[in-house]
1. Check residue 146 against each of (1) surrounded by 14 or more Cβ atoms within 10 Å (Cβ to Cβ); (2) at pLDDT below 95 and name the one condition it does not meet.
2. Right, residue 28: assigned to a helix (DSSP H, G or I) and at pLDDT 95 or above or not?
3. Please state which one of 158, 93, 127 is surrounded by 15 or more Cβ atoms within 10 Å (Cβ to Cβ) and either in contact (Cβ under 8 Å) with a residue 60 or more places away in the chain or in a loop (DSSP other than H, G, I, E, B) (or both).
4. Residues 169, 132: which one is surrounded by 17 or more Cβ atoms within 10 Å (Cβ to Cβ), in contact with a strand residue (DSSP E or B) (Cβ under 6 Å, 6 or more places away or on another chain) and not in a loop (DSSP other than H, G, I, E, B)?
5. Taking segment 108-160 on its own, how many of its residues are over 23 Å from residue 47 (Cβ atoms) and in contact with a helix residue (DSSP H, G or I) (Cβ under 6 Å, 6 or more places away or on another chain)?
6. Within 27 Å of residue 166 (Cβ to Cβ), surrounded by fewer than 22 Cβ atoms within 10 Å (Cβ to Cβ) and modelled with pLDDT of 95 or more, is that true of residue 65?
């Protein structure tokens, strides 16, 4: 890699890391206002961690020219890569807001048996990069059921369509939890 490309890659990595720090700070501000087990708190925490993991994957690609292998080992490699200079992930990849590992599949592994890659209308989502997602509140990846996928928090949906689900869950939570602002009935 040329010196110019290395400088550009380092600059991009620095900017992505800065964005991640800003997003994590924003998450912390929001989470202070609501209980940790509130659906929106879990969603925001998961979104922030997903963005940080996406940054790690991009850093790995910049450093190695390929995507990390699928699964937990790939996320471990990606977080180790970004943590090489600074200890961003001292315990390795974070868990999602429900205490479950994130699902990660590189596009080169989509067709592997049991990869966990999600398809819609016969096509893989994020066909040229990777799928990184949390199975969300219900813990169901939705591989075979699009309705079960509604609460998945994923790297390829810029519209963040899952947020509607979590706002609905938060309303139910608030109504059932006296300390969360509901009437407790």
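1. (1)
2. Working: assigned to a helix (DSSP H, G or I): yes; at pLDDT 95 or above: no.
It is false that residue 28 is assigned to a helix (DSSP H, G or I) and at pLDDT 95 or above.
3. On the way: 158 fails: surrounded by 15 or more Cβ atoms within 10 Å (Cβ to Cβ); 127 fails: surrounded by 15 or more Cβ atoms within 10 Å (Cβ to Cβ).
Among 158, 93, 127, only 93 is surrounded by 15 or more Cβ atoms within 10 Å (Cβ to Cβ) and either in contact (Cβ under 8 Å) with a residue 60 or more places away in the chain or in a loop (DSSP other than H, G, I, E, B) (or both).
4. 132
5. Counting residues in segment 108-160 that are over 23 Å from residue 47 (Cβ atoms) and in contact with a helix residue (DSSP H, G or I) (Cβ under 6 Å, 6 or more places away or on another chain) gives 1.
6. Numbers: within 27 Å of residue 166 (Cβ to Cβ): no; surrounded by fewer than 22 Cβ atoms within 10 Å (Cβ to Cβ): yes; modelled with pLDDT of 95 or more: yes.
Answer is no for this residue.
The values are calculated or read from the model by the stated rules, or taken from the named source; none is laboratory data. Treat the numbers as computed from the prediction; the structure is a model and nothing was measured. Here Cβ is always computed from backbone atoms with ideal geometry, including for glycine, and neighbour counts include all displayed protein chains.
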